[in-house]
Ligand code: C2O
């Protein structure tokens, strides 16, 4: 199936690597539905913790769709009717790229938090200011290639180097632009209202929930890594990546655990520079990450089921729901756009595994799930940078998926994406401006990723119900989308029938235009963790589909943004239907049944539009 230009095999990492890393559970991935991955694996399963729970999750209560009134929701959120969402969306005649902010204008939104004891990171938002003008960054072309290693497989020598670099960074005073505090604050500044957009004094800059997500974080990690290398005078230094897309990397990397480093002499205590006290202690190794994570409940899976679920979620996010740039990178965000009023989708990796891992690592015993579980504090956990290295790697992997199955795995070509820019302190403490267009080739940035097998590529989900006309049989029982009064509230399960624009298309036609399900105009309380699941033709037989079933199209999820003022946000989600409808043999059907199931923080969420559209490689809804 996949033709992949990277060194990619489905064989697992040699078993010897497990010996060096007792914290790294090594699994044989025996999920029954994964096709290619089962054949090469001979490893012991060390899934101990949750083996006795074989139950599927409890069925959700399903209720038929009903129209709801937005005014009531605005009142619930403490806003008057006709508040934030009455603005008319003008055509983008004067579109322009997001411009580099001026660091000296950064305002710290964490100082505006009303209840100080509710959060641990205050004054967390603004990197040190500088009077110096911003220069365009010149990428060193002669730099030595840095290879980012798999965090679970690093050598003792690497660990020592990492400790030395992180300890040096932590030893710098907060006012130093290379200090760990200064680096951590960058994240808050760019996502919790530190900056307003140049020329738009009321519009905050936000690098999440849009096509800025991948390039901004690529540059952020680039400088973080270069600074660490400079601190230890080692230009080969590269960040480790948390290989959560491979069963051998699905627990927290062991060397981030423990307040002190292991030491032969127990009277000498050396702090572990990779440690952060604010993590969920139930999720320390050997717990397996739950990529379908929601804060209030766990999946109830055995470890083997969890791995199978994770691999099919990776497949959905990387393949089925990401056929082109629009879907993979997320919606457009240009100068003057309002980040709390996104008209487009968040990309499936950002909204999916990226958000799930953040929420899963953050300390659920603290009010705002610090550090990783909230945007303003995430940069204070060294694991953030290792998590994001793998997020960054998914961009490279997606781009390397080439061939007839993936004709549109290319970056956006819109000048407003290419020319969007950010400011960072470089490894020489200079304030530099960097552009999206200059980070597209990681070869030019002189780094690469140590190869690791991609078992999710062979983990296409399987349809549970192969009955055609599931939706047609419900006409008269479930409302058609045009009969529904939008927006609808997601305080309960929503079911609706949606007519498809075309059916029985040829293989070639499906590669020219992707059939996509759009959940648009999602309005939510930005201070909460929010998650809902989206199903297609899921039958009401008492056991809802799970991520390993094709009927589970995916999820919308959004990490909490603790903010100085109330944040009512708008966002969107897009799901691929080409493969899904093949899997459930519904390509001939005129209608699909769409079910939205609230999972967390959805009491006040509304959805303004549900539709199916054929999208070409460059089309926008
Ligand atoms: Cu900027 Cu993982 O978030």
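No lab work stands behind these numbers, since they all come straight from the coordinates. Just so you know, these numbers come straight off a predicted model, no measurement behind them. Cβ placement follows ideal geometry from the backbone for every residue including glycine, while neighbour counts extend to all protein chains displayed.
Direction-averaged projected area, Cα convex hull, the range 210-262: 5.7 nm², rounded to one decimal. Extents of the range 210-347, largest first, come to 58, 43, 27 Å (Cα atoms, principal axes, whole angstrom).
Based on the Cβ-Cβ distance of residue 502 and residue 277, what FRET efficiency does E = 1/(1 + (r/R0)^6) give at R0 = 56 Å, to the nearest 0.05? Provide the component values of the computation, followed by the final result.
Numbers: r = 55 Å, r/R0 = 0.97.
The value I calculate is 0.55.
Order by neighbour count: 509, 102, fewest other Cβ atoms within 10 Å first, most last.
Values: 509 13, 102 16.
Listing 509, 102 from fewest to most nearby Cβ atoms yields 509, 102.
Normalised radius of gyration for the range 126-246, please: alpha carbon Rg relative to 2.2 N^0.38 Å, two decimal places.
Values: Rg = 16.2 Å, N = 121, 2.2 N^0.38 = 13.6 Å.
Cα Rg divided by the expected 2.2 N^0.38 Å: 1.19.
Taking all Cα-Cα distances within the range 332-397, those exceeding 21 Å account for 36%.
For residue 259 and residue 176, a Förster radius of 35 Å and the Cβ-Cβ distance give a FRET efficiency of 0.90, rounded to the nearest 0.05.
Please arrange 340, 307, 134 by counting, for each residue, the other beta carbons lying within 10 Å of its beta carbon, fewest first.
Arranged by neighbour count, lowest to highest, 340, 307, 134 become 134, 340, 307.
Counted by neighbouring Cβ atoms within 10 Å, the residues 425, 376 run from fewest to most as 425, 376. Between the C-alpha center of the range 446-490 and that of the range 305-335 there is a gap of 12 Å.
Counted residue by residue at 0.36 nm each, then reduced by the alpha carbon distance between them, the extension gain from residue 142 to residue 585 reaches 154.1 nm. Inter-label distance, residue 430 to residue 268: 4.1 nm, where each label sits 7 Å from its Cα along the C-beta direction.
The convex hull of the Cα atoms of the range 180-289, projected and averaged over all directions, covers 10.3 nm². Measuring spread by the Cα atoms of the range 388-521 yields a radius of gyration and Dmax of 21.9, 67 Å.
Shape verdict for the range 275-427, please, from the Cα gyration tensor: rounded (a/c under 1.5), prolate (a/b greater than b/c) or oblate. Here the range 275-427 falls in the oblate category. Which FRET efficiency value, to the nearest 0.05, is calculated for residue 466 and residue 616 with the Förster distance at 25 angstrom and r the Cβ-Cβ distance? With R0 = 25 Å, the Cβ-Cβ based efficiency is 0.30. Kirkwood radius for the range 158-211, taken over all pairs of different Cα atoms as the inverse mean of 1/r, rounds to 13.1 Å.
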